[in-house]
Structures are given as C-alpha cells and as structure tokens.
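Heads up: the structure comes next, in structure tokens.
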Amino acid sequence: MSIIPDDIKMEIVLKTRLENLQTLCSANREWSTFCKVNKKYIQRKFVETYIPDYLDPTNVIYVDGGAEYKDFSSIWKTYFIEYYHVEALEITGDFTSFMILPNMIEFEGSDIIGLKTFPIQPNMIDFRINDSQLTSFPIQPKMESFYADNNQLTSFPIQPKMESFYADNNQLTSFPIQPKMITCIVANNQLTSFPIQPKMTHFYAVNNQLTSFPIQPKMMNFNAGNNQLTSFPIQPEMTHFNAGDNQLTSFPIQPKMESFYADNNQLTSFPIQPKMTHFYAVNNQLTSFPIQPNMQSFKGNNNQLTSFPTQPEMESFYALGNPLPLESIDDQPDMFDTDIIGLETVENPYDDYKSDDYD
C-alpha cells in the first residue's frame, strides 16, 4: 500500500523537470502505474506549462535543462501536435528526422543540419527549406509550392499538385514532367535535358548543362544562360528569351517574342521577328540583319556586320566592333541613341530575368 497519496504524487510529477519525467515514472511499479493511469492529464499539464515558441531557441521545444527536442518522448510529441493542431511551422537548427504532422499546411526551415529527407505530410501545401542538407524528397499529395535553394537534391519526384518549384544551387541531374507546374527555377544545377511541361510559363536555369530544350506549349519566359544549347525550337507563347553564353548558331521565328538576349553565342544570321522590340547579341558572328518591324533597340557589338537596313521603329543602336560605315545609320528615322565607334555601353534589362514575377 502506497504511503504517498495520489494528489501528492501528481504534485511531484508536475514539479519534475521534463527531462527527468521518464526516470520518475519508471522508478518502480507504483510510479509506473500512476503515470500510465494519468498519462493524458500529465501530458496536457506539461503542454500548458511549456508553451511552444519555434522562434525562441531557448524555448522548451529546443532545450529544457539540457533536454533537447529530439529527446522528448514520442508520446509527448504526438500529444503536443494533437493538442495544438499545428498548421504552420518554422524551424532551424539540428534535426536528423522529422515527424508527420497531419494538420500542418505550411513548413519553413533554414540552416537545418542533419535533415537529409522529409516525410510525407498529408495536408502540406507550402514547403520551404533553404540552406540545409536535403538530399531527397517524397511525393506530397497536396503540395503546391516547393522552395529548397542551397540543398543537395539530385532528383525530384512528380508532384501531382505542385505549381511552383524553386531549387537553385542543388545537384539535380534530371527533372520529371510536373502536370501542374507553372514556375521552374533551377539555376546552378547539373541538368542536361528538360522535358515538356504542359503548364509551365516561367523557366530559369542559368548555369546548367542543357544541350537541347523542347517546345513548351505555354512558356512565356525563358532564361538559360551559360548552358550548352546549340539550337532552340519555336515556342508558341514565349515573349522573353535569354540564353547568353551558349553555342547557338541559328534561331527560328518566334511569333510572340518581344525581347531577345544571346550574347556570346555563334549566331551567323537572324530572321525577322514580328513582335520583337529589343535585340541583344554581342559577340556573335552575324554578317547581316533583316528589317524588324517593331524593334526599338539593337545591341550587336563585336559581330561581322558590314551593312544595316532601315529599322522603322528603332530608337537606340549599338554596334561597336563591326565593320559598319557611319552611313549605315543615316536613314534610321527615329533613332536618338547611337554608338558605332564610341565606347558607350548599355546594360541588358533582361540579363537577370529571375525577377519578382516568379515569386
């Protein structure tokens, strides 16, 4: 028969520090039975006492007298989640594993050491984990947005509902068809090819190893500077093209393209583009250039142009390093900004087309 009344036992339990609770409840059969019978009440009281705050590194969910979060009992963690119905979670620090949170909708982590993979979260919509060590990632049935810059991903699965994918500075060598993806940002990876994406409108893949690129039925913005492209197909909806530092030798008519940027390629000719307003092709091998009905600015320094036709809408013209006579621009009706023999340069406004439009 116990000499300690239950109310005194409960008072002792609730005054015990969290890291010592397991020792107390396993001290003997009497204490073990008491803790099991009153498990739910004890859990609730501890949760009420230790209010969680993921932004406070001194909070109990990280440290409590030396008891790290990863050392908490699984029972307590499960009850903690059920009790608070966590929907949005933000963490940082040292985690080697992570639990399934059935109510979580948003997850954000950064500088997480040790977390190589992440479990399936049945209701998660938004996932962000930058500057960490993620090497793999499973199919998430409801995820719409994925952000994982500066990780160690080498592959990525099909996500049935994903619309936005951001994974700069990883080690991706391939990428599958994503049925609902609209935005794909994959700079500084190791992609050698890329499949047709039925709904993608924005593609940014600077510093990869792409040798070809397929027709994308809805793509509007393309930026793949510093790859190994030798050709490029007609894109029915593309308005902006940026592929500096590739190996392009030709380029087709693009029905909706407004801006073209392809410095440091091997272009020898260029066709009429019905809607193009801006043309940038420094350091190529152009020997001629056609009339462009809507072109407003031309920058073709360091080519092999010997003549240049009248451009009805052109306002600025830069052609340093070409064997062009000054007479070549005498008949340009609207031009106010000209440099054939001087040293003036202009910046390409589409040089870094990874803009806020993607966010």
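The values are calculated or read from the model by the stated rules, or taken from the named source; none is laboratory data. Computed from a predicted model, the values in this text were never measured in an experiment. Heads up, the Cβs are rebuilt from the backbone with ideal geometry, glycines too, and the neighbour counts pull from every protein chain shown.
When we screen Ile341, Ile291 for residues that are hydrophobic (A, V, I, L, M, F, W, C), modelled with pLDDT of 90 or more and surrounded by fewer than 17 Cβ atoms within 10 Å (Cβ to Cβ), the only hit is Ile291. Residue under question is Pro214, and the condition is that it be under 21 Å from Lys275 (Cα atoms) and surrounded by fewer than 22 Cβ atoms within 10 Å (Cβ to Cβ); does it hold? No: the conditions fail for Pro214.
Between Phe80, Phe95, Phe34, the distinction of being surrounded by 15 or more Cβ atoms within 10 Å (Cβ to Cβ) and modelled with pLDDT under 55 belongs to Phe80 only. Out of Asn130, Asn123, one residue alone is surrounded by 13 or more Cβ atoms within 10 Å (Cβ to Cβ), over 16 Å from Asn170 (Cα atoms), in contact (Cβ under 8 Å) with a residue 12 or more places away in the chain and not charged (D, E, K, R). It is Asn123.
Taking (1) crowded, with 18+ Cβ neighbours inside 10 Å; (2) assigned to a loop (DSSP other than H, G, I, E, B) in turn, Phe241 satisfies each apart from (2).
Does Asn223 meet the test of being surrounded by 22 or more Cβ atoms within 10 Å (Cβ to Cβ), at pLDDT 95 or above and outside the structural domain of Ser97 (by TED's automatic domain parsing)? Spelling it out, Asn223 is indeed surrounded by 22 or more Cβ atoms within 10 Å (Cβ to Cβ), at pLDDT 95 or above and outside the structural domain of Ser97 (by TED's automatic domain parsing).
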